[in-house]
Amino acid sequence: MPYDYEDTLESWHVAVTYGTAGDEEWEDEEDRDSRAPAAGTEVGHLILWRLRDYTGDNRWEAADAESGDLEVIVSAVLGRSGRTGYSPVFEKAVTHPVGDLLILDRVSLDKAWRGFGLGPALAGEAIRRLSGGCCAVAVFPGMGEYPEDREEVTEAYRRQAKKKIAALWESIGFQPFRRGVWLLDTALRGPEELMLARRAELRALGAAFQRSGPSESDLADAMAVAEGDTRVSARPRTT
């Protein structure tokens, strides 16, 4: 990231780990089942950006200098100059349109951990910890990975994939805004209630796997996340 914009566009890397390295509880877990990842193993990560308000920089230029995805999001929420306040349409969409904007840029999980709804749940946990002082959280839902055979990626395939991805973000409180950007209003109680619901679902899913016995599925280890077996740690990302 250009040094000139480091006060305006702040990057955060959120590591998702299986347990905590050096914790005796997790060392015992490894002894009981060798298929479990080593304690402290990173099984995924998230990248978020905090776009700070009133730093004197042109916020659009800061986003554009970093990536095209960030530029799309920032263009949708800012006024025309990019230097002053938010756009009128953004101000109407958000309860208290004053403060920073948190941007959810990337959510990545190892293949064995996908398909259980962990991505949105982990994103919700990260947002809860990093959104203090932010009036909203923005995301631009898109396909992160493509099939090996690119011929399978038809327009119908894209529409279906986009629909599924949008449903995931809607499950933690995001709502469509404009230009493909979705917003989560941090002043509303709804996202908090949805986050609690996602936690309950994961606990129930983890309990179901435990009752069936880990021998019945090679993915049972992954579902231990539902009982708090992952740790989410956030730190500023340096470039």
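Residues checked against (1) touching a helix residue (DSSP H, G or I) at 6+ places or on another chain (Cβ under 6 Å); (2) more than 28 Å from L202 (Cα to Cα):
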{"residue": "Y54", "(1), (2)": "no, yes"}
{"residue": "N58", "(1), (2)": "no, yes"}
{"residue": "S67", "(1), (2)": "no, yes"}
{"residue": "P97", "(1), (2)": "yes, yes"}
{"residue": "D100", "(1), (2)": "no, yes"}
{"residue": "V107", "(1), (2)": "yes, no"}
{"residue": "A112", "(1), (2)": "yes, no"}
inquiry  = Take Y3 and tell me if it is out of contact with any Ser or Thr (no Cβ under 9 Å at 6 or more places or on another chain) and modelled with pLDDT under 95.
reply    = yes
message = I'd like the residue in the stretch 97-121 that is in a loop (DSSP other than H, G, I, E, B) and touching a residue at least 12 places away in the same chain (Cβ under 8 Å) and, out of all such residues, is least open to solvent (accessible area, probe 1.4 Å).
response = G99
note = Residue pairs within 8 Å by beta carbon, gap of at least six or interchain, first lying in the stretch 189-209 and in contact (Cβ under 8 Å) with a residue 40 or more places away in the chain, second of a type in the set (S, T, Y) and open to solvent by less than 40 Å² (accessible area, probe 1.4 Å), listed first then second, are L194/S171; R198/S171
ask   = Which condition breaks for H45 when tested against (1) within 30 Å of G99 (Cα to Cα); (2) open to solvent by 30 Å² or more (accessible area, probe 1.4 Å); (3) modelled with pLDDT under 90; (4) not aliphatic (A, V, I, L, M)?
value = (3)
ask   = Would you say V94 is surrounded by 21 or more Cβ atoms within 10 Å (Cβ to Cβ) and either of a type in the set (S, T, Y) or touching a Phe, Trp or Tyr at 6+ places or on another chain (Cβ under 7 Å) (or both)?
value = no
message = Restricting to the stretch 150-186, give me the number of residues that are closer than 27 Å to S87 by Cβ, part of a helix (DSSP H, G or I) and either touching a Leu at 6+ places or on another chain (Cβ under 7 Å) or modelled with pLDDT under 90 (or both).
response = 7
request  = Please identify the pairs in which a residue from the stretch 44-56 that is farther than 16 Å from A136 by Cβ and assigned to a strand (DSSP E or B) has its Cβ atom under 6 Å from the Cβ atom of a residue that is open to solvent by 30 Å² or more (accessible area, probe 1.4 Å) and of a type in the set (K, R), counting only partners at least 6 apart or on another chain.
outcome  = I47/R106
query = Which of the residues spanning the stretch 187-206 are open to solvent by 60 Å² or more (accessible area, probe 1.4 Å), of a type in the set (A, V, I, L, M, F, W, C) and under 17 Å from A136 (Cβ atoms)?
reply = L188
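The values are calculated or read from the model by the stated rules, or taken from the named source; none is laboratory data. These numbers were taken from a predicted model, which means no experiment stands behind them. Every residue, glycine as well, gets a Cβ built from its backbone with ideal geometry; the counts of neighbours run over all protein chains shown. Each accessible area value is taken on the protein alone, full model and side chains, heavy atoms only, with ligands, DNA and RNA left out. Shrake-Rupley method; radii C 1.70, N 1.55, O 1.52, S 1.80 Å.
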